[in-house]
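Notes follow once the structure below has been shown.
No lab work stands behind these numbers, since they all come straight from the coordinates. No experiment lies behind these values; they were computed from the predicted model shown. All Cβ positions, even for glycine, are placed from backbone atoms using ideal geometry, and neighbour counts span all protein chains on display.
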């Protein structure tokens with residue numbers, strides 16, 4: 001086989017490996033190529049390819065490189081029977097002599113006539129004359145990766161030597177063992193095994209595989225699998241992490257014929273994996289503590305939120321009850337306001353009559369006083385002149401009638417004033433209770449303030465009524481007494497006119513007292529008349545205030561349904577918020593317990609270790625450069641091809 005074909009063979013094997021690793025569904029190689037590589041090429045032909053390879057290779061390296069290929073022949077169970085090692089020393093620098101080291105026996109130059117001499121400690125010195133050196137030999141050392149193949153036909157284990165010609169469901173498991181432990185550690189050299197075989201569709205059907213891909217062109221099945229023995233133990237990964245250490249093929253077979261499986265083993269694949277973000281991954285591991293703290297704070301915050309919402313829910317219930325109480329009290333309050341307004345309106349309407357009555361009282365008292373003066377002056381004349389007395393008596397009677405009329409009007413006004421005062425006092429007392437209830441319920445301050453202002457005005461009016469009412473009542477009492485005396489005197493004068501002549505002298509002596517009473521009555525009437533204007537003005541203010549109070553009460557009543565509706569919505573909203581807070585709290589606790597905590601448990605203390613161990617494994621892979629020793633100054637590499645047949 002020429003060099004181009006050998007390169008094609010290597011590309012095919014590499015493509016099979018990449019396909020298995022990355023899960024490709026197709027391999028861009030035709031069936032005839034598979035046939036040439038996997039079936040027609042025997043072990044001896046592969047070895048011969050190396051021995052007869054064309055030397056016209058483009059040189060791109062520097063110094064000296066050594067490429068070692070280990071060929072192992074094994075039976076169907078994986079038992080190795082022969083190991084042949086081929087070494088290619090690439091003499092890029094064109095050295096005349098090359099000193100190598102090896103443990104091989106039966107060394108032969110498989111291309112060229114360059115000779116070597118044996119030195120100490122496994123050294124061999126080649127007379128290269130500027131050429132590449134191709135040599136091979138045999139080795140007795142154990143392979144770094146060994147294979148154990150087991151066979152089951154219809155679920156019963158069977159020796160491969162007994163399988164030929166049999167039919168049934170066949171399961172073949174290839175288990176790979178890594179024997180290359182890294183010195184001074186519990187890790188293994190990170191070998192990757194790429195296994196490939198061809199199965200004829202005449203004998204094999206319904207082919208499936210574990211840790212491998214199955215591809216068919218209609219004539220044959222190509223099965224390509226990957227295993228990484230020892231990697232799981234090296235990285236100390238748990239059972240939940242799947243790292244393939246074996247390859248299993250299951251198929252229905254008819255007249256079974258032995259198959260050939262090629263296994264390519266190399267440590268170079270791990271070196272091709274670049275973890276450029278290793279520092280970021282380590283930062284991620286370091287951030288797990290921050291994530292745990294943040295998650296705990298989030299859970300604690302959700303708990304505080306839930307507690308706060310529950311407290312708000314309880315307080316909202318109290319608020320709703322307060323609104324209900326307020327709503328029930330408003331009906332009584334509005335009814336009381338209506339009564340107050342009605343009473344003040346009556347008082348307001350009677351205030352005009354009261355003012356008129358007081359004015360009439362003052363006028364009558366003045367007339368009475370004037371009449372009494374005249375009567376006093378005329379008593380003497382009366383004594384002397386009876387006719388003049390009769391005339392004076394008529395004047396007295398007329399004045400007494402006017403006085404009685406005025407007093408009745410004044411008493412009526414005073415009665416209305418007393419009723420208004422009683423109503424006003426009750427209103428003030430009721431308002432103070434309502435104000436206290438509104439404040440307790442948290443009603444808007446502007447409404448409470450307006451009601452307080454109105455109540456203060458009402459209270460001021462009530463106090464004014466109390467002060468002026470006492471003066472009016474005292475004056476009325478005196479006026480009533482004087483009027484009664486005047487009336488009695490007038491009646492007596494009228495009925496006893498015939499007797500007056502005899503009692504003229506007695507009348508003359510009583511006139512002094514009557515004149516004094518008249519003077520007192522006049523003074524009281526004048527005082528009553530002077531305060532009647534203030535009383536009327538106060539009643540007017542009280543009336544205006546009652547109208548404003550009634551209007552405000554109507555607004556409060558119209559706003560009550562909205563307040564009730566808003567209170568209900570608030571209660572429902574807070575209830576929903578409390579339920580949501582509880583759900584949030586429970587959800588975050590579960591998320592922290594089932595998500596964050598498990599994530600931290602999975603990563604904390606493991607991710608950093610895995611990264612460090614991976615770095616160590618890459619270092620171990622880079623150091624595993626030979627199976628049979630090499631010159632430490634060479635750039636060396638090694639791969640293994642194990643054929644099961």
With r as the distance between the Cβ atoms of residue 506 and residue 405 and R0 = 25 Å, compute the FRET efficiency 1/(1 + (r/R0)^6) and round to 0.05. 0.30
Can you tell me which of 107-113, 471-477, 144-150 comes out highest on packing, and rank the rest after it, using the mean Cβ neighbours within 10 Å? 144-150, 471-477, 107-113
Pair residue 541, residue 324: separation of 7 Å Cα→Cβ label points (nm): 4.3
With label points set 7 Å from each Cα along the Cα-to-Cβ direction at residue 127 and residue 99, the distance between them in nm comes to 1.8
How much length is gained on full extension from residue 412 to residue 138, taking 0.36 nm per residue of separation minus their Cα-Cα distance? 84.1 nm
For residue 292 and residue 548 in one chain, what is 0.36 nm times their gap in residues minus the Cα-Cα distance, to one decimal in nm? 85.7 nm
Least to most buried among 341, 197, 560, by other C-beta atoms within 10 Å and fewest first, runs 560, 341, 197
So how far apart, in nm, are the two label points at residue 181 and residue 519 if each is 7 Å from Cα heading toward Cβ? 14.2
126, 88 arranged by Cβ crowding within 10 Å, fewest neighbours leading: 88, 126
For segment 82-149 and segment 405-423, write down the distance between their C-alpha centroids in whole Å. 141
Net lengthening on full extension, residue 440/residue 491 (0.36 nm per residue, minus Cα-Cα): 11.8 nm
